[in-house]
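The values are calculated or read from the model by the stated rules, or taken from the named source; none is laboratory data. In this text the structure is predicted, and so the values were computed from the model without any measurement. Cβ: placed from backbone, ideal geometry, glycine included. Neighbour counts: every protein chain shown. Side chains included, ligands, DNA and RNA excluded: accessible areas come from the protein's heavy atoms. Shrake-Rupley method; radii C 1.70, N 1.55, O 1.52, S 1.80 Å.
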Amino acid sequence: MKIRHTLLLAAFGATLAMPSQAQFAKPEDAIKYRKNALFVMGQHFGRLGAMAQGRTPYDAKLAAENAVVLETVSKLPWAAFGEGTDNGDTRAKPEIWKESAKFKDAADKMQTEMAKVVAAAKSGKADDLKAVFAGAAGSCKNCHDNFRSQ
Ligand code: ASC
């Protein structure tokens, strides 16, 4: 009984120590996951963008609701760019893995910019959102230009 417990604990510990990409059962799942996370991010970022650019009226409650989603979802795609996920139904460029430090910088920059958008959207002030929106959109575009094929 004791040995069985020890083995179970060891197996659990090993699971925790595994890199996050190992959470995906197969490479296709990782590809689907990151695409869906980025799609959801685009939807909520777009709704804030419409308010920031005056295409829809500013609504503080709506802005804060979108921000809550972005706060989490902007952190999700990156663990899904593990090894072996460069082939398949994806527009991810080989540069993601060949220039991984540059890709990580771009992903980090996006998350920093997104954190500014989240804080601004939660402030309830339209001007706060307007001040940071373009910077965040630029960090999305930077990554698409360099790491996503057209
Ligand atoms: C968006 C969105 C993106 C970025 C990008 C900025 O609203 O979904 O991917 O802005 O288009 O150039």
Output for the stretch 63-90, where each listed residue is aliphatic (A, V, I, L, M), in contact with a helix residue (DSSP H, G or I) (Cβ under 7 Å, 6 or more places away or on another chain) and surrounded by fewer than 18 Cβ atoms within 10 Å (Cβ to Cβ): Ala64, Val69, Leu76, Ala79
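List the helices (runs of 4 or more DSSP H) inside the stretch 53-150, counting only whole elements, that have at least 3 residues being within 16 Å of the ligand (Cβ to nearest atom) and closer than 18 Å to Val40 by Cα. Write out each step before concluding.
Details: elements: 60-73, 95-98, 100-123, 126-147.
It comes to 60-73, 100-123, 126-147.
From the set of residues in the stretch 39-55 that are closer than 14 Å to Glu71 by Cα and of a type outside the set (Val, Ile, Thr), which is nearest to the chain's Cα centre (by Cα)? Talk me through it step by step, then tell me what you get.
Quick first cut of the stretch 39-55, residues closer than 14 Å to Glu71 by Cα only: 40-45, 48.
Okay, now just the ones that are also of a type outside the set (Val, Ile, Thr), so 41-45, 48.
Working: Met41: 7, Gly42: 10, Gln43: 13, His44: 12, Phe45: 11, Leu48: 16 Å.
Out of the qualifying residues, it is Met41.
What number of residues in the stretch 29-52 are away from the ligand (no atom under 16 Å from the Cβ) and either among the basic types (Lys, Arg) or open to solvent by less than 60 Å² (accessible area, probe 1.4 Å) (or both)?
Of the residues in the stretch 29-52, the ones away from the ligand (no atom under 16 Å from the Cβ) are 29-33.
Of the ones still in play, those that are also either among the basic types (Lys, Arg) or open to solvent by less than 60 Å² (accessible area, probe 1.4 Å) (or both) are 29-32.
Looking only at that region, the number is 4.
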Neighbours by Cβ (under 7 Å, 6+ apart or cross-chain): first from the stretch 116-135, closer than 11 Å to Leu48 by Cα; second of a type in the set (Asp, Glu): Val118/Glu71; Ala120/Asp128
Ile3 vs. criteria modelled with pLDDT of 95 or more and farther than 27 Å from Lys122 by Cβ: no
